[in-house]
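What follows is a set of notes on a single structure, which appears directly below.
What follows is calculated from the coordinates using simple rules that are stated; it is not laboratory data. Please read all numbers here as calculations on a predicted model, not as lab measurements.
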């Protein structure tokens, strides 16, 4: 077509080609400027689906405006030929630049930052590129990077359908270029922002090393490698790469989307920090005392129980958690939470590998021995980036001085990483037996089952009986009651109300205890329906312990009830950052998306972690919610049946199954389960809110509102989400619904519903 005209454009030379078409440099004869014209491939002119995809590329590009994204000027058809007019960008593609070899880090970082800024802009506008690769990136003579070719872009959000599709450039079966395609998309999952981050990681890998992450002789071999292998560390191929850049690349390339950065912004922030210290001449990570690389994040691995008594495992775990809690008070240091580090209990992996999974600079590992009335902790600090031993020490105290021992170890670690630890409260002596009960209580609380929560309550009460001045034991008891209420194990008046009283007592004993403020906030939210009071306590908990992931997680529960979805996502992501392997953190983010009515993303978020832990009962329950809204009732019912089996048939799982059966049109089965639940309510606690949901699923409005009113009387905690819970939508238009809202106290609250437009202020 060279030399021909398309409308007012004269084609000058071919400059590229791809699966969807050919790209020419052309002259706009009206405005007398060079442009780039992408012409749909001749073989696709009779393919209506391909032409629709081509038009959608134009739509995707038209939504984007950013200095690092090619600008679209026009879209037209000339004599039956579709073409797209874009700005002409002089220079070379990144692919052409890489033909000369890898890019040195000082040159790489500005280009990487421009690329990530473009992704941030696209993702903010709901556009996922889906085919990010060096051939789609162009570098101008001035050093500006431009993202090209959104031909495979997917526009996220309601009503966009499955997005744009195309065939592999290499291989078959999914859209994209195989060498840069994330494993979940290769396996058939829909692409989202995390998919682009994987492709970004592959591009950065190639920029830094001159090699693709995986190489193979055939498409099938390459697919196998992407699905099953971990890329070789970039520094093994290019030793000059900084450890932090290697960390950024490998995290983006994680096979598990849930362990990748939560957003392009996270990658951008990491690259900015790296670029800043590089520009300052302080080395790749910033210089610390003695020329060592600065440590900004740390994980305390489970202390090994060397007592010889397996029954003392709870004690070793408790010492680990206490050390984490002391370090969590350091705002300048990111400290990984208990749930994630406990995933490595008894696991033998190289420390650098663990550090990459947890995204930390340093690891603390060690052991604890309890013998008689003495406790000894041995700890060592390791720079996981270089696997270098930095410090080791042993500490021994009487059991009554265990709090002093924990504080001393925490202060020593803080000194070694050159972080100032805020002065800890003067350590009090403890009653050894009381402290042991407290540690057993925390051990049970962390397991989260009904039986374990009951045992936790018993242990915390025994601790308080032995030592009525233990703020930790009161805070633990408050947490246990809170979760008993949340999982519908006991009535709210016997759980949340007791939790509030215990939390207030803990604060009275120790106002600086962040855990206690967090417990009080939870009870004020779910029982008092006091949003302002709850938010104040959540903020105080985070102020006192910035790394306390549970505070961020529980605060993320409050925010969507007020329609503050973006803030909720930010808190949820912070909790996940601090506890990256926590299934609960991932599910809470799924709740937020559910409340935003982004059911596809909600389901994707929840399923990602459920795949990791198939024994997590509540994960099956929560994952069923977006399935139901998407009409996938058979899958939802299967999930709920699994939850019933795993739990032994709790009221929560049975009621959830009855609701799911009703939504799936299996009314007889739903009514049979409902009858059992109502009968059981005379002898054990059955939440009226759960019963109301079943009636809603059955379409029985009168019964539904009868039980919703009972739920208000009961102060059922889930009613705080009355304005955003899609499961209540079938009765939202009933005049009686406003009465429920008034009783909960939300009728005067202006809610930003993020897509739930039917919810009124």
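Observations on the structure shown:
- Its residue count N sets the reference 2.2 N^0.38 Å, and the alpha-carbon radius of gyration of the chain equals 1.04 times that reference.
- Over all distinct Cα-Cα pairs of the stretch 575-616, the Kirkwood formula returns a hydrodynamic radius of 10.2 Å.
- Angle between the chain longest axis and helix 617-629 axis [Cα atoms, degrees, rounded to 10]: 50
- Three-way shape call for the stretch 453-522 based on the alpha-carbon gyration tensor, with the a/c threshold at 1.5: oblate
- Using only Cα coordinates, the Kirkwood hydrodynamic radius of the stretch 505-596 works out to 13.0 Å.
- Principal-axis analysis of the Cα atoms of the chain puts helix 264-279 at an angle of about 80° to the longest axis.
- Computed [θ] at 222 nm, helices only, for the chain once each DSSP H run of length n ≥ 4 contributes -39500 (n - 2.57): -15500 deg cm²/dmol
- Against the chain, whose longest principal axis comes from its Cα atoms, helix 471-486 is set at around 70 degrees.
- Principal axis dimensions, the stretch 654-747 - Cα atoms, whole angstrom, descending: 35, 29, 19
- Mean-position separation - Cα centroids, the stretch 720-745 and the stretch 537-591, in angstrom: 25
- Normalising by residue count, the stretch 605-710 has a Cα convex hull of 94 Å³ per residue.
- Relative counts (whole %) of C-alpha pair distances in the stretch 298-427, using bins that are 5 Å wide: 2, 11, 22, 25, 22, 12, 5, 1
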